[in-house]
Each structure stands twice: as structure tokens, then as C-alpha cells.
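Take a look at the structure set out below.
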Amino acid sequence: MIILRKFKVIFSWLPLVLIMLPLYAVLYGGQQLPDNIVNTAITWINQVRTSEGFEKLTIDPKLDRIAETHSENMAEYNMLSDSNPTLGTPFDRLKASGLTDTNNIVAVAQAKTWELLLQQLESPENLSKILSSDMTSAGIGIKQDSTGDLWLTVHMTERAITFTQYNLTQSNTTPVIRSITIKGNTPYKKIEVTLVPPDSLNPDLSVDRIIDPDTNGNFEITLTFGTATGIFEFEFYVQENGEYKLTNFFSMSI
């Protein structure tokens, strides 16, 4: 009876042991899977930021995909850099993915294990990026190449403005009059929007407007283009410490 009870005790602990073994392997030098490293990286980054008095970064799925693609490219070209030959600069990659943030920072690392990646993230250059007070959103991507090397990308941006709607309309008159209504949200109290028309158009079409969001940070602005068509550039600035800084940019064909 005593032996049977011992076996019961052993088997009662077996499920917990099976759960803890993979976690122990990840934390204490065993085989580390890329997904585990991604989760560990964002946890570490936010712990470092909060310990220094900065806000946690919010994981953005689009930034995740941008970071993953960049890690794949770094592994393919065996080149540790925030830019790459096929997808360009960090801002090029944001723009191609439909994101409008202009203030962005990329930290990269390459190593065999999380511990070695961490040493690179703790370098003065990468740590200063991670502790940037302006950053609010992040995406993390990792690629393991055929040699076992792990290529890590941390792409951070300042999400100063979140756009919720672009509504392009045209009148039923002759000639046709075109306009666009843009809606969004921001934590800032004032926004300046600048419309830059194509070079071939009359400069008088340029627009420079100040927007005052409501108490919840929501705003709406309508810009009229008249009969003009072409690719227009929109620049959005937010007011900080009495000055305006460029935070968002996008192009649209009208």
C-alpha cells in the first residue's frame, strides 16, 4: 500500500513536470524557439522602459510583419542593418505597408541564443533606441537561418496620430469638385496639416490648416481640391512644447 501511494504522488506531479520542462529549457539555456524569443524580447523591452519611467510599447501587428520581413531579408543577405537592398529604409518599409508614422527607430541583433542577443540589445546604441521616450508602438521579428543564427528586428514608432477614416468624394457638378475628409485620434492638443500638391499644379492649391481635436482627441478635417487631380502629399504635425514636429505622412492619388 505504501508503494502504491508513492506512485500516486509521483503521477500527480507528472503533468506539472511536463509543462515546466520546456519552460526550463527556454529560460536556462536549452533550445530556444523564435516565438519564445519574440515574447521574451518584448517583455524585457517593456521592463527596461518602465524601470526608467517610460511607457510600455504596444505591439502592432503591422509592425510585427514589417519586422519579420526585415529579419528574413537580413538573414538572406547576411547583413545586419536597419536598411536592406530590397525593401529600403525603415520609413520606406512603413510607407509600403500603409503606416504613416514618420518618427521610427529600428534596433537589430544577430546571435545564436537569446542571452547573446540580449548583450547586443544592451549595447549603448540599441539601449538608447529602446529607451526613446517618443516611441509608443513596436513590432518584433526574428528569423533563424540554416546555421542557427537568430536575426532579430525591433521596429518602434511614435503613433502620434491614429487615422480612422479617409473619405474621398466628388460633386455631381460640371466641372467635378473633389474633396477628402480625414478622421482620426491623437493625444496631442493641436495638429497642423499641410497639403502639398503635385509640382505641375498651381501653388495656390497648397493647404496649411490648424486642427483642434476634441476633449477625447478625435478630429475631422475636410480638404477641397477643386478640379485638380494627381498625387498629393499630406504632412501632419503635432504641437509639443510650443513647437510643431512632423509625425505622420502619406500620399494619395486624387
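Using the Cα centre as the reference, give the magnitude of the dipole from point charges on the C-beta atoms of the range 89-157 (Lys, Arg: +1; Asp, Glu: -1; all else neutral), rounded to the nearest 20 debye.
Around 160 debye, computed over the range 89-157.
In whole Hz, what ³J(HN,Hα) sequence does the range 108-115 give by Karplus (6.51, -1.76, 1.60; θ = phi - 60°), x for Gly and Pro?
Per residue, the Karplus-derived 3J(HN,Hα) values read 10, 8, 9, 6, 8, 9, 4, 4 Hz.
Per residue of the range 90-105, in order, report the coupling 6.51 cos²θ - 1.76 cosθ + 1.60 (Karplus, θ = phi - 60°) as ³J(HN,Hα) in whole Hz, putting x for Gly and Pro.
Per residue, the Karplus-derived 3J(HN,Hα) values read x, 5, 4, 5, 4, 4, 5, 8, x, 8, 10, 5, 9, 8, 9, 9 Hz.
In nm, to one decimal, how far is the modelled label at residue 227 from the one at residue 131, with both set 7 Å along Cα→Cβ?
6.0 nm
For a quick protection proxy, order the peptides 216-224, 140-148 by their average other-Cβ count within 10 Å, most packed first.
140-148, 216-224
With a Förster radius of 25 Å, plug the Cβ-Cβ distance of residue 192 and residue 62 into 1/(1 + (r/R0)^6) and report the FRET value to the nearest 0.05.
It comes out at approximately 0.50.
Would you mind calculating the gained length between residue 83 and residue 39 on full extension (0.36 nm times residue separation, minus the Cα-Cα distance), in nm to one decimal?
Once the chain is fully extended between residue 83 and residue 39, it gains 13.5 nm.
Setting aside same-chain residues fewer than 8 positions from residue 245, which lysines have a Cα under 20 Å from its Cα?
Within the straight-line cut-off, residue 245 pairs with 95, 129, 183, 189, 190.
Only loop residues by DSSP count here, and only those with at most 15 other Cβ atoms within 10 Å; note down the trypsin sites (Lys or Arg not before Pro) in the range 33-131 that meet that. Before the final figure, lay out each step's value.
Details: sites: 49, 56, 62, 65, 93, 95, 112, 129; in loops: 56, 112.
Qualifying residues, ordered by number: 56, 112.
Could you pull out every one of the lysines with an alpha carbon less than 16 Å from that of residue 143, ignoring same-chain neighbours closer than 8 positions?
112
Calculate the length of the line joining the C-alpha centroid of the range 80-112 to that of the range 115-163, in whole Å.
Cα centres, the range 80-112 to the range 115-163: 11 Å.
When only the heavy atoms of the protein chains count and the probe is 1.4 Å, how do 174, 227 rank by accessible area, highest first?
Putting 174, 227 in descending order of accessible area: 174, 227.
What does the charge dipole of the range 137-254 about its Cα centre add up to, to the nearest 20 debye, if the Cβ of each Lys and Arg holds +1 and the Cβ of each Asp and Glu holds -1?
Numbers: 8 positive and 14 negative charges, 64 e Å.
I would put it at about 300 debye.
Under 15 Å from the Cβ of residue 121, count the other residues' Cβ atoms, weight Lys and Arg +1, Asp and Glu -1, and hand me the total.
Counting the neighbours of residue 121, the net charge comes to -2.
What number do you get for the range 122-254 when its Cα radius of gyration is normalised by 2.2 N^0.38 Å, N = residues? Please list the in-between numbers first.
Working: Rg = 19.6 Å, N = 133, 2.2 N^0.38 = 14.1 Å.
With N residues counted in the range 122-254, Rg over 2.2 N^0.38 Å equals 1.39.
The values are calculated or read from the model by the stated rules, or taken from the named source; none is laboratory data. Since the structure is predicted, the reported quantities are computational estimates derived from the model, not experimental observations. Note that we place each Cβ from the backbone using ideal geometry, even for glycine, and neighbour counts take in every protein chain shown. Ligands, DNA and RNA are stripped out before the accessible areas are found, and what is left, the full protein with its side chains, is counted by its heavy atoms. Shrake-Rupley method; radii C 1.70, N 1.55, O 1.52, S 1.80 Å.
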